[in-house]
1. Could you tell me how many of the residues in segment 326-349 are under 16 Å from the mean Cα position of the chain (by Cα), surrounded by fewer than 20 Cβ atoms within 10 Å (Cβ to Cβ) and either touching a residue at least 60 places away in the same chain (Cβ under 8 Å) or outside the structural domain of residue 295 (by TED's automatic domain parsing) (or both)?
2. Tell me, which residue of segment 138-173 that is free of Cβ contacts under 8 Å to residues at least 60 places away in the same chain and assigned to a loop (DSSP other than H, G, I, E, B) is farthest from residue 313 (Cα to Cα)?
3. Output yes when any residue across segment 261-276 is surrounded by fewer than 24 Cβ atoms within 10 Å (Cβ to Cβ), part of a loop (DSSP other than H, G, I, E, B) and assigned by TED's automatic domain parsing to the domain that holds residue 248, and no when none is.
4. If we scan segment 77-90, do we find a residue that is in a helix (DSSP H, G or I) and either within 16 Å of residue 218 (Cα to Cα) or modelled with pLDDT of 95 or more (or both)?
5. Can you pull out every residue in segment 55-73 that is in a helix (DSSP H, G or I) and either under 16 Å from residue 21 (Cα atoms) or touching a helix residue (DSSP H, G or I) at 6+ places or on another chain (Cβ under 8 Å) (or both)?
6. Just name the residue that is surrounded by the most Cβ atoms within 10 Å (Cβ to Cβ) out of those in segment 70-82 that are farther than 13 Å from residue 98 by Cα and touching a residue at least 24 places away in the same chain (Cβ under 8 Å).
7. Which of the residues belonging to segment 27-47 are in contact with a strand residue (DSSP E or B) (Cβ under 9 Å, 6 or more places away or on another chain) and either surrounded by fewer than 23 Cβ atoms within 10 Å (Cβ to Cβ) or free of Cβ contacts under 8 Å to residues at least 12 places away in the same chain (or both)?
8. Any chance you could count how many residues in segment 222-260 are assigned to a loop (DSSP other than H, G, I, E, B) and either within 22 Å of residue 77 (Cβ to Cβ) or in contact with a helix residue (DSSP H, G or I) (Cβ under 6 Å, 6 or more places away or on another chain) (or both)?
């Protein structure tokens, strides 16, 4: 039977970071992925300042910055009037070495990490390998993996599930995935059309409020991404049709004849697993929690999960630290952060941008106008939206617990 320190399931950016962190700190790691490669998933594309600081400790921030697009400014915009409220992260440069977002599709980071792991002597990356079960003992976990030709058994000290919203690890843990699914679908269209030429003053990141149909406009190095809500009853074939595409761009630009590269439909959820740990098995990222995309917190919070959990595993396996209190702390810390910050803030962001009657919309607009005119409130808002507030709060709580 094969033996390793940690098996990580899922080779997306969260699983890749977890595996790379552990390998960089001297542990033997096997990263398994059911697909033939790191899938070209277009969902997540925003890296926040604290995430860049974490990646920088592994030497991964600069390659991502070089590949991506710096976005120090983001907008909350009014669709009907073109009015916008600009938030400039250089105002909080005293709080981070990276006072900007990096716009870069998540699969670029995942593929960079997989390539580095494949070159590492203490790591393996196994594509076309699907985890089908595990059994825990007092000091290890036995992981069963379906390969293209047989069943592989690996004995590990720990198992980490970073295998996404439909996580097999979470399902085998038999943990409830509590929360709700938004009734509307979400349609994402990508285009090389220069939207900034049609909509002057457009920022790389734009949350566009409208009583009738909100949208999000995100720039990545090669494309614009346009995210709009869709009626629950609309058939998927219609949502992917030229007629729907022309409706979206006709209303947005007054120009329906726009070429698109992708037309993708999502269901969006607000869900949190009841617990993130079962003995020597942990879940992180979308396997543990899901949220709507407004604010770009999903992938970032998953990477923060990895940076909370992995140092604890290193302490257990390299320094002989007691496992139970550290893994209990991981579960409590990340569960609290997910509920108190990520879930609360993304729901609030959705409430601000969504459709509603004219009076509700007027009140939301007045609230944003007051915020932008108040320097202290504006700063606090940017620190919160950049995830700096939540990362600081978690670090302070962990320090306080260590000093008790």
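The values are calculated or read from the model by the stated rules, or taken from the named source; none is laboratory data. This structure is a prediction, so every number in the text was calculated from the model and none was measured. Don't worry about glycine lacking a Cβ; one is built from the backbone with ideal geometry, like all the others, and counts go over all protein chains shown.
1. So the answer is 3.
2. Filtering first and then ranking leaves 149.
3. Yes: one or more hits.
4. Checked against the condition, which is being in a helix (DSSP H, G or I) and either within 16 Å of residue 218 (Cα to Cα) or modelled with pLDDT of 95 or more (or both), segment 77-90 yields at least one hit.
5. 55, 56, 61, 62, 63, 64, 65, 67
6. 74
7. Listed by number, the residues that qualify are 27, 28, 34, 35, 36, 37, 39, 42, 43.
8. Residues that pass the stated criteria total 6.
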